[in-house]
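Participant: Sharing a structure here in structure tokens format.
The values are calculated or read from the model by the stated rules, or taken from the named source; none is laboratory data. From a predicted model like this one, the values you see are computed outputs, not experimental measurements. Backbone-built Cβ (ideal geometry, glycine too); neighbour counts: all protein chains shown. Heads up: the accessible areas ignore ligands, DNA and RNA and are worked out on the full protein's heavy atoms, side chains in. Shrake-Rupley method; radii C 1.70, N 1.55, O 1.52, S 1.80 Å.
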Amino acid sequence: MAVSQLVGAKIHRREDPRLITGHGRYTDDLTRTGLVHLAVVRSPHAHARIKSIGVEAAKKSPGVLGVFTAQDFKDIIAGPATHPVAPVFAPDKKVNPPRYPIAREEVCYQGEPVAVVVAEQRYQAADAAQLVDVEYDPLPAVMEIEEAMKPGSPKAHTDQPDNIAWDATYVPWEATEEAFKTADVVVKQRILQRRLSPNAIESRVVMAEYDPFDKRLTMWMSTQNPHWIRLFVSGALGMGEHSVRVVSHDVGGGFGSKISPYPEDYLVPAVSKLVERPVKWTETRTEAVQNAYAGRGQIYDVEASAKKDGTLLGMRVTQLLDCGAYIGTFGAFQTCACLLAGGAYKWKAISSRSIGVLTNKITTDPYRGAGRPEATHVAERMIDLLAVELKMDPVELRRKNFPAKEEFPFTQNFGLVMDSGDYNASLDKALKLFGYDQMRREQAEARKQGKLVGIGLSTWIEICGLGPGAVTGPATGGVVLSESAQVKVHPAGGVSIYVGTHNHGQGNDTTHAQIAADALGVPIEQIDIRHGDTNEGPGFGYGTYGSRTLAVGGVAINRACAKVVEKGKKVAAHILEAAEEDIVFDQGKFHVKGAPDKSKAFGEVAFAAYGQLPAGLEQGLEAVAYFEPPNFVWPFGAHICAVEVDAETGNAQITKYVAVDDCGNIINPMIVDGQLHGGIAQSIGQALYEEMVYDQDGQLRSATFLDYTIPSMNEIPNIQLDRTITPSPTNELGVKGIGEAGTIAATAAIINAICDAVSPLGIKHVDMPATPDRLWNQIKEARK
Amino acid sequence: MIPAAFEYAKASSVDEAVKLLDRLGEDAKVLAGGHSLIPLMRLRLAQPKALVDINGIKGLDHIEVKGSKLHVGALARHVQIHSSQTVKESLPILAEVAAEVGDNQVRNMGTMGGVIAHGDAAGDYPTLALMLDADIVTNKRTIPARDFFKDIFTTALAANEIVTEVVFPVANGPHKYIKFRRRLFDWAIVGAAAQKVDGHWRVGLTNVGPTPVRAKAVEDALAKGAKPEEAAQHASDGLNPAGDLRASPEYKKHLARVLTKRAIEQAQ
Ligand SMILES: Cc1cc2nc3c(=O)[nH]c(=O)nc-3n(C[C@H](O)[C@H](O)[C@H](O)COP(=O)(O)OP(=O)(O)OC[C@H]3O[C@@H](n4cnc5c(N)ncnc54)[C@H](O)[C@@H]3O)c2cc1C
């Protein structure tokens, strides 16, 4: 196999036949002998004091083994350490309420666990849960960010001084004074990022078996990062990591909602310990919609200024972030929007500040894109608002302020170094594919007939590939987000590769195998990629999120393969009776320099590696590598969208969508396209459909898929994709990331198009989701 | 997402079903396609003590024209209704509406009788039944549609009464049903139907109140020669719809007018 054969090839995802024919094995498909089932009794109130919990009736219900409340876990689960809060980019937390996996005196969001019931059958557990009699004293709930910030507003936790989780200024306002004083135009806008429910198609499932003889715990669960869960759970249950195994093979999507630990991750193993039986909990869809860590939930107040000729000057961004009732383990990660709000452009200065606010809702945490979709939306909206003020074509304004290709690596306003880019190239290609000039002419015609048609751009960038130790070490509180891989070559030449990243839909079983097949020169069929079992592979794996799997994990695989090849050379030197320095490895063969015929195939060397070797050379052909990237990687691209708004109904229809993206070198173009399709669809969801809506008392109104409207494939338009390739200098594969690009890029293109469509009515800004009801109202108001 | 425990019995005739209902009492429910009842049970919003499954009853899924009437059996499924040549010829608006109910799964399971008996204001058939003066036939009696839909999820049916068929007039003149919704498989946020019967317009509305609505004021205005646009202004007369997450009351009334206008204009 030639080195260039598999990397870059459009091969089918090797995991698909199994998954789409129903042969996947998700956690709920697994069972254990003697398995019992757990149901969680949850608070119906957003905020209340627990007066009493009556468990007697539930205990007598058929099949019930036990009903447990906070008291019962006191000696088993170590307190609030269960829900650590990473420093991320807001290290100084002002109010950080302790979180226990099960409520003690006060419940602070609808759905917070108050008791668990364990029964022989799942239905029996659900029936008995209904019989647990909890008496509550309702407390005032604080639901809105700005309400929660007011002095004297109700407190999300009665025992805390106020609701301000953090107040972090990244660059003070004075730094942008000059940029606003000297400006010809200034635009101001409030931009909303409403709360989203992540809705992985597989809800969360935890199955745990505690073995009282061995004092070992095994957990099977749906998570994006089993090693982190092992770290948290072993700590909370007072066990060493060596006696806890977390297995997470097939996982049906995560979108960020399966990174941080959840109450059930502790409760299920703790109950297994209590009842000495394997225990399973399968989240219902109702629980998932209500309690999966939510995304977004932010308000941005932004000002931007420019010179008459379109030179960008200053930006000021205030982010108000709804943390929910407790700060998420990685909840402050979304503050990265404050460091990225300048987007793909050169600004003289940017000031930014983030305020984290506690409310009586489920916690927010990273959701596909996490901070970067918000930053893109801010940057791209502000550019368009400036373009309107300046009467410039939004394309020209963008071009004028891009850093040129030659300026990379480019240091942006917050000191982050953008590794490589050619922003004009992707924009040019997108304009051509879209037929921009022609579309503008058609728009002018349509407007004459009174139609509301619009065109919107998003020349997005992102930062991904978490990440370099200098940033990620302090952000997590000590652990550097490098990535690990282990390559084991067996005597007959089969290759097992254990990765620390995770696959929950991304297709990395395929891309990882492509990288390894080329690096080792063995057929892809001979390579097995294993993820998601903490008893296999290297000591720690960091998981999949933040578009890091290829740019960090893929490189680790490549490096582990390189180590194997190095060892292989030693073995080959021995069997070819040549000096190690003279061995060349090429296309799966080891040969003597200048004598390609004197060669041994990879498999022959593998076999020899387990045979008699000269003194000093150990048997075996395997290696572990950890890769800590020296920098982040910075994908980018240009999305262009056309919409038509029905002025009578307010319905916005996407009529054309073009995306030209650049994620560096490509391992598998089909997988890149698939990630973009999915991401853009999810972004259409945010732009036009999705929003978690609560009433004043904290009851989730959008609690089913009837009311939480995820678009289906019928609502997704044809998406035309193309790409440019600007390799990353950050890693030897030249790769970046593409897992989140679609969600990062698309909302801005869609909303910019809608704003453009309704601009003849004098409407400047439209918030998400741009539902017909809302748009109709805005149109009606504008016409008054 | 886990229903409470219930008993289950399968009937093979209407008589048997009625006997079972009588024996099991008030808390028993008929199970047809299950696509309204089971979702409610999963959320424990309905906790019937027993289900009487009528899917095994033969001959309740008939679709036939007798004289000037189209008879649709209670167990005729959406998929049968929208693919039936008889319906396409005798009442094409019904076939078109059936094709737009829910998604494939819903259309494969959901039934005429189930939609009518459920009395959901967002159901599409009730609007047609009401505006076309259909008759709802049960094991006991025949109930005109105008006397059938009483309130939200409330009909004239007694606890042990089973819908056996719905009888529509044959009408194949100009017609149009416009269902305004966000996603292809969604219920109507608002629906508007227009059908010409014997030279006169019939106009009906979906999901603008607790029951389906016949827009008499629009019909009258049209009869007096008003243009569709003018007549449609009356579509919201007397409406007092409840708001929900998709639409405010005001927006629903507005949609009633816009969709009524479009339905009449686009009817063919
Ligand atoms: C995702 C989804 C989308 C949908 N979209 C639409 C839509 O757009 N438009 C629409 O109209 N409907 C829609 N529906 C509802 C669907 O058409 C249902 O199938 C229908 O409302 C009920 O019919 P069923 O046969 O499934 O009845 P079931 O769910 O079995 O029963 C519903 C009720 O009627 C009673 N019942 C049923 N049959 C009889 C009978 N013969 N006599 C007396 N009582 C009876 C039952 O006891 C129960 O109370 C949707 C459903 C889903 C799940």
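Participant: Mind checking which residues of region A:425-452 are surrounded by 11 or more Cβ atoms within 10 Å (Cβ to Cβ) and not in a helix (DSSP H, G or I)?
Facilitator: Listed by number, the residues that qualify are A:Gly435, A:Lys451, A:Leu452.
Participant: Suppose we filter B:Leu20, B:Leu70 for residues that are in the same structural domain as B:Asn104 (by TED's automatic domain parsing) and in contact with a strand residue (DSSP E or B) (Cβ under 8 Å, 6 or more places away or on another chain); which single one remains? Reasoning before the result, please.
Facilitator: Values: B:Leu20 fails: in the same structural domain as B:Asn104 (by TED's automatic domain parsing).
Only one candidate passes the filter, namely B:Leu70.
Participant: Ok, one more. Scanning for something without any contact (Cβ under 8 Å) to a residue 60 or more places away in the chain and either within 23 Å of A:Leu192 (Cβ to Cβ) or within 13 Å of chain B (Cβ to nearest Cβ) (or both), does region A:669-679 turn up at least one residue?
Facilitator: Scanning region A:669-679, I find no residue that is without any contact (Cβ under 8 Å) to a residue 60 or more places away in the chain and either within 23 Å of A:Leu192 (Cβ to Cβ) or within 13 Å of chain B (Cβ to nearest Cβ) (or both), so the answer is no.
Participant: Within region B:98-186, which helices (runs of 4 or more DSSP H) (wholly inside it) include 2 or more residues that are near the ligand (Cβ under 10 Å from one of its atoms)?
Facilitator: On the way: elements: B:104-109, B:112-118, B:125-131, B:145-148.
Helices (runs of 4 or more DSSP H) meeting the threshold: B:104-109, B:112-118, B:125-131.
Participant: Same structure, new question: Being open to solvent by 60 Å² or more (accessible area, probe 1.4 Å) and within 12 Å of chain A (Cβ to nearest Cβ) is the requirement here; does B:Glu230 meet it?
Facilitator: no
Participant: Further question: A:Lys273 versus (1) open to solvent by 10 Å² or more (accessible area, probe 1.4 Å); (2) within 22 Å of the chain's Cα centre (by Cα): which is the lone unmet condition?
Facilitator: (2)
Participant: While we're on this one: Please pick out the residue among A:Glu648, A:Glu690 that is buried (at least 22 other Cβ atoms within 10 Å of the Cβ), among the charged types (D, E, K, R) and either within 14 Å of chain B (Cβ to nearest Cβ) or within 16 Å of the ligand (Cβ to nearest atom) (or both).
Facilitator: Step by step, each of A:Glu648, A:Glu690 is checked, and only A:Glu690 is buried (at least 22 other Cβ atoms within 10 Å of the Cβ), among the charged types (D, E, K, R) and either within 14 Å of chain B (Cβ to nearest Cβ) or within 16 Å of the ligand (Cβ to nearest atom) (or both).
Participant: Working carefully through the options A:Arg32, A:Arg49, find the one that is modelled with pLDDT of 95 or more, open to solvent by 30 Å² or more (accessible area, probe 1.4 Å) and in a strand (DSSP E or B).
Facilitator: A:Arg49
Participant: Here is a follow-up. Hey, which of the helices (runs of 4 or more DSSP H) in region B:1-90, taking only ones fully inside, have at least 1 residues that are more than 12 Å from the ligand (Cβ to nearest atom)?
Facilitator: It comes to B:14-24, B:78-83, B:85-90.
Participant: Out of the residues in region A:550-570 meeting the condition of being over 24 Å from the mean Cα position of the chain (by Cα), more than 17 Å from A:Pro538 (Cβ to Cβ) and not basic (Lys, Arg), tell me which one is surrounded by the most Cβ atoms within 10 Å (Cβ to Cβ).
Facilitator: Taking the candidates together, the pick is A:Gly568.
Participant: Filter region B:167-200 down to the residues that are within 14 Å of chain A (Cβ to nearest Cβ) and open to solvent by less than 20 Å² (accessible area, probe 1.4 Å) and list them by number.
Facilitator: Within region B:167-200, B:Arg183, B:Asp186, B:Ala188, B:Ile189, B:Val190, B:Gly191, B:Ala192 meet the criteria.
Participant: Evaluate region B:201-210: report whether one residue or more is open to solvent by 50 Å² or more (accessible area, probe 1.4 Å) and either within 27 Å of B:Ser90 (Cα to Cα) or within 14 Å of chain A (Cβ to nearest Cβ) (or both).
Facilitator: No, there is no match, as no residue in region B:201-210 is open to solvent by 50 Å² or more (accessible area, probe 1.4 Å) and either within 27 Å of B:Ser90 (Cα to Cα) or within 14 Å of chain A (Cβ to nearest Cβ) (or both).
Participant: For region B:233-256, how many residues are closer than 22 Å to B:Leu132 by Cα, open to solvent by 70 Å² or more (accessible area, probe 1.4 Å) and within 12 Å of chain A (Cβ to nearest Cβ)?
Facilitator: 0
Participant: Can you confirm whether A:Gly674 is open to solvent by 10 Å² or more (accessible area, probe 1.4 Å) and either of a type in the set (S, T, N, Q) or within 22 Å of the chain's Cα centre (by Cα) (or both)?
Facilitator: The answer is yes for A:Gly674.
Participant: Here are some conditions: (1) outside any loop (DSSP other than H, G, I, E, B); (2) away from every other protein chain (no Cβ under 14 Å). A:Arg99 meets all but one. Which one does it not meet?
Facilitator: Looking at each condition in turn, A:Arg99 falls short on (1).
Participant: So which residues in region B:1-37 are within 14 Å of another protein chain (Cβ to nearest Cβ) and within 17 Å of B:Gly119 (Cβ to Cβ)?
Facilitator: Answer for region B:1-37, where residues must be within 14 Å of another protein chain (Cβ to nearest Cβ) and within 17 Å of B:Gly119 (Cβ to Cβ): B:His35, B:Ser36.
Yes or no, residue by residue, for (1) farther than 17 Å from B:Ala74 by Cβ; (2) touching a Phe, Trp or Tyr at 6+ places or on another chain (Cβ under 8 Å):
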| position | (1), (2) |
| --- | --- |
| B:Gln105 | yes, no |
| B:Gly110 | no, no |
| B:Asp124 | no, yes |
| B:Leu130 | yes, yes |
| B:Asp133 | yes, no |
| B:Asn139 | no, no |
| B:Thr154 | yes, no |
| B:Ala159 | no, no |
| B:Ile162 | no, no |
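Participant: Scan region A:752-772 and tell me whether some residue there is within 21 Å of the chain's Cα centre (by Cα), part of a loop (DSSP other than H, G, I, E, B), away from chain B (no Cβ under 14 Å) and more than 26 Å from A:Asp322 (Cβ to Cβ).
Facilitator: No, the conditions are met nowhere in region A:752-772.
Participant: Please go through region A:199-210 and pick out each residue that is in contact with a helix residue (DSSP H, G or I) (Cβ under 9 Å, 6 or more places away or on another chain) and at negative phi.
Facilitator: Once the filter is applied, which keeps residues that are in contact with a helix residue (DSSP H, G or I) (Cβ under 9 Å, 6 or more places away or on another chain) and at negative phi, region A:199-210 yields A:Ala200, A:Glu202, A:Ser203, A:Arg204, A:Val205, A:Val206, A:Met207, A:Ala208, A:Glu209, A:Tyr210.
Participant: Applying the selection to region A:503-534, what residues are open to solvent by less than 20 Å² (accessible area, probe 1.4 Å), part of a loop (DSSP other than H, G, I, E, B) and over 13 Å from A:Glu15 (Cα atoms)?
Facilitator: A:Gly521, A:Val522, A:Gly532, A:Thr534
Participant: Starting from residues that are within 14 Å of another protein chain (Cβ to nearest Cβ) and in contact (Cβ under 8 Å) with a residue 40 or more places away in the chain, keep the ones in region A:705-726 and report whichever is most open to solvent (accessible area, probe 1.4 Å).
Facilitator: Per the stated criteria, the residue is A:Phe705.
Participant: When you go through A:Ile684, A:Ile738 one by one, which is the residue that is in contact with an Asp or Glu (Cβ under 9 Å, 6 or more places away or on another chain) and either surrounded by fewer than 22 Cβ atoms within 10 Å (Cβ to Cβ) or assigned to a loop (DSSP other than H, G, I, E, B) (or both)?
Facilitator: A:Ile738
Participant: Among residues belonging to region A:129-142 that are crowded, with 20+ Cβ neighbours inside 10 Å and farther than 12 Å from A:Gly66 by Cα, point out the one that is farthest from the chain's Cα centre (by Cα).
Facilitator: Per the criteria, the residue is A:Val134.
Participant: Follow-up question, since we're still on this one. Considering A:Ala165, A:Ala126, A:Ala148, which residue is in contact with a Cys (Cβ under 6 Å, 6 or more places away or on another chain) and open to solvent by less than 40 Å² (accessible area, probe 1.4 Å)?
Facilitator: A:Ala165
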